[in-house]
Structures are given as C-alpha cells and as structure tokens.
Amino acid sequence: MFSRRSGGSRGGPAGQIAALLAALCLVLPSSASSQEPPPLNWGRNAFQLWSGGDYSERHWSAWAGLAYSPFSAISNPGFRLRVIAGGGQFHYTGYAIEGGKIVETTLKGTSDFVEGAIGYQWQLGSWTMKLYGGALFSETRPDAFDVLPKSTSRVQPKITFENWINLSPYYWVNVDGSYATTDRDYWSRARLGWRVHRVLSAGPEISAEGNRYIDAWRAGIFVRYDGTWGEAVLSGGVAEEETHSPAAYLSLNWLGRF
C-alpha cells in the first residue's frame with residue numbers, strides 16, 4: 001500500500017487515460033451530446049470542497065479536494081471536474097547502518113499525490129451514483145537513513161466510483177471504490193448509516209485497500225454530521241495489514257458546498 005516500485009503498463013499512461021475517458025463518455029446519457037451545452041455555472045452550489053486526515057500506528061496522511069459542477073448545482077446530476085492533493089508519512093521495514101553494521105530496522109518514508117478527473121453524477125430514485133476517470137501522479141521517498149533508497153514517481157490512469165442509497169428515512173448505504181492501473185492500487189469502503197437525529201448518523205464501516213505488494217483491511221464505526229456547517233465524519237476502529245499486527249486507526253473528514 002505504501003511501497004511503490006518502478007514499472008509500466010501496456011500502452012503507456014497517456015493511452016490508458018484516453019481509453020478511460022472514452023469509456024466514461026460512452027455511458028453518459030445520449031441527450032447530453034444532442035443538446036447545446038448550457039452556460040457555465042459560477043453561481044451558488046457550483047463547488048464542493050473537502051479535506052481530511054487519517055492516523056494509525058504505521059502511517060498518517062492528510063488531503064484536500066475541490067469539485068466543480070459546470071452546468072448544474074453540485075448536488076444535481078451532471079458533469080463533474082475535480083482535483084485532489086495530499087501527502088503523509090509511513091513506516092516500513094528497511095536497512096540502515098547502526099554501530100557500523102547494516103541492520104534491518106523500521107524506517108520512515110514520505111509520499112504525496114495529485115489527482116485530476118472528469119466525471120458524471122446520476123440520480124436514479126434514491127440512488128446517487130458518480131463515476132470518474134482521470135490521472136493520478138504519486139511520489140514516494142524513503143528514509144534518509146535507508147542504505148537501499150529508492151524513490152518512485154509515476155503517472156497512472158485511475159477510475160473512481162461513488163454510490164449513495166437511501167434505504168428508508170432512517171437508513172442509508174454508502175459504497176465507494178477506486179482503481180489505478182500501474183501498481184494495481186485499489187481502495188474500497190462500505191458504510192451502513194442509521195439516522196439517529198435529523199443531522200446525525202452513525203453505523204459500522206469496513207474497507208479494503210492495497211496494491212501489487214500489500215493488502216490491508218479496516219473495520220470500525222463512524223459518526224456523521226450533515227447540517228449547517230457542511231458534512232463531517234469521524235471514524236475509528238481496527239486496521240490490519242497482512243504483514244503486521246492489528247492497530248487502531250482514526251479518520252476525520254469535512255465537506256462543504258458553495
């Protein structure tokens with residue numbers, strides 16, 4: 001999940017990005033291409049801003065993103081443009097010099113990323129679905145004391161889907177996921193929410209993420225506020241990687257529209 005190595009994918013990133021965007025366009029409503037595009041929306045509720053942070057025993061990260069709905073309100077169906085950036089620090093097992101000898105030890109690396117995507121939002125009754133295709137730039141840097149340092153940076157195509165279903169006035173389900181091709185990076189999360197108050201929800205969450213080198217899982221609970229000050233979600237639970245013992249995690253996210 002945090003270890004990245006050099007490698008390419010068939011056709012190159014540019015070709016795969018073009019293929020992803022072409023596939024995305026094929027599933028958009030046919031009426032979108034048969035009508036003149038409306039004027040760009042620069043008014044109220046055209047933008048969505050969010051930020052967050054995540055902490056566990058072996059890593060921490062922070063991020064921020066901005067989405068723009070050019071032809072409609074951000075909560076209505078239509079095209080979306082968005083950019084996300086973030087970074088963090090992680091622990092990994094490597095080799096360093098201690099007492100004149102090379103020994104295996106725990107080291108600290110850093111990583112950052114920038115992602116740009118174009119997408120579309122559908123509304124089917126109580127089901128809201130979003131699909132994005134774009135490009136992800138990521139960079140990973142090893143500890144300064146690593147005797148076998150290897151920094152990696154790459155651009156890779158990425159696809160993301162987001163789903164929200166209101167099961168009833170009291171319950172909802174949220175399922176999100178993403179996949180980037182070169183390192184086979186994947187991420188998924190599912191939440192079942194119970195509206196305990198008009199602006200408060202709570203419930204369980206599970207997630208899985210990883211890449212070609214490592215897999216990780218999480219299980220926990222969350223509390224979500226959706227009111228005057230936007231949306232805020234606080235979650236925590238147990239995280240486990242296949243090469244390490246379980247550890248606690250804590251995550252906080254905020255989202256606003258303007």
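The values are calculated or read from the model by the stated rules, or taken from the named source; none is laboratory data. Keep in mind the model is a prediction, meaning the values are calculated, not measured. A quick note on method: Cβ atoms are made from the backbone with ideal geometry, for glycine too, and the neighbour counts reach across all protein chains shown.
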Considering 60, 127, which residue is under 15 Å from the mean Cα position of the chain (by Cα) and hydrophobic (A, V, I, L, M, F, W, C)? 60
Number of the condition not met by residue 100 [criteria: (1) in contact with a strand residue (DSSP E or B) (Cβ under 9 Å, 6 or more places away or on another chain); (2) surrounded by fewer than 16 Cβ atoms within 10 Å (Cβ to Cβ)]: (1)
Please tell me if residue 180 is of a type in the set (A, V, I, L, M), in contact with a Ser or Thr (Cβ under 9 Å, 6 or more places away or on another chain), free of Cβ contacts under 8 Å to residues at least 60 places away in the same chain and within 20 Å of residue 89 (Cα to Cα). no
With the first residue restricted to the range 101-121 and required to be closer than 30 Å to residue 147 by Cβ and in contact (Cβ under 8 Å) with a residue 60 or more places away in the chain, and the second required to be basic (Lys, Arg) and surrounded by 15 or more Cβ atoms within 10 Å (Cβ to Cβ), Cβ contacts under 8 Å at 6 or more apart or on different chains are 109/141; 111/4; 111/141
What about residue 218, is it buried (at least 16 other Cβ atoms within 10 Å of the Cβ) and within 29 Å of residue 74 (Cα to Cα)? no
Counting just the residues of the range 130-156 that are buried (at least 18 other Cβ atoms within 10 Å of the Cβ) and among the polar types (S, T, N, Q), which one comes out farthest from the chain's Cα centre (by Cα)? 140
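For the range 165-182, name all the residues that are over 18 Å from the mean Cα position of the chain (by Cα), among the aromatic types (Phe, Trp, Tyr) and within 23 Å of residue 251 (Cβ to Cβ).
Within the range 165-182, 171, 172 meet the criteria.
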Checking residue 185 against (1) surrounded by 15 or more Cβ atoms within 10 Å (Cβ to Cβ); (2) of a type outside the set (A, V, I, L, M); (3) more than 17 Å from the chain's Cα centre (by Cα); (4) modelled with pLDDT under 95, only one condition comes out false. Which one? (3)
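Every residue, every condition in (1) modelled with pLDDT of 90 or more; (2) in a strand (DSSP E or B); (3) touching a strand residue (DSSP E or B) at 6+ places or on another chain (Cβ under 7 Å), yes or no:
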position	(1), (2), (3)
33	no, no, no
41	no, no, no
81	yes, yes, yes
93	no, yes, yes
Every residue in the range 216-255 that is touching a Phe, Trp or Tyr at 6+ places or on another chain (Cβ under 7 Å), among the charged types (D, E, K, R) and modelled with pLDDT under 95, please. 240
Give the residues of the range 190-215 that are within 16 Å of residue 167 (Cα to Cα), touching a Ser or Thr at 6+ places or on another chain (Cβ under 6 Å) and either crowded, with 19+ Cβ neighbours inside 10 Å or at pLDDT below 95 (or both), sorted by residue number. 193
Residue count, the range 51-79, condition free of Cβ contacts under 8 Å to residues at least 60 places away in the same chain, in a strand (DSSP E or B), out of contact with any Ser or Thr (no Cβ under 8 Å at 6 or more places or on another chain) and under 30 Å from residue 127 (Cα atoms), comes to 3
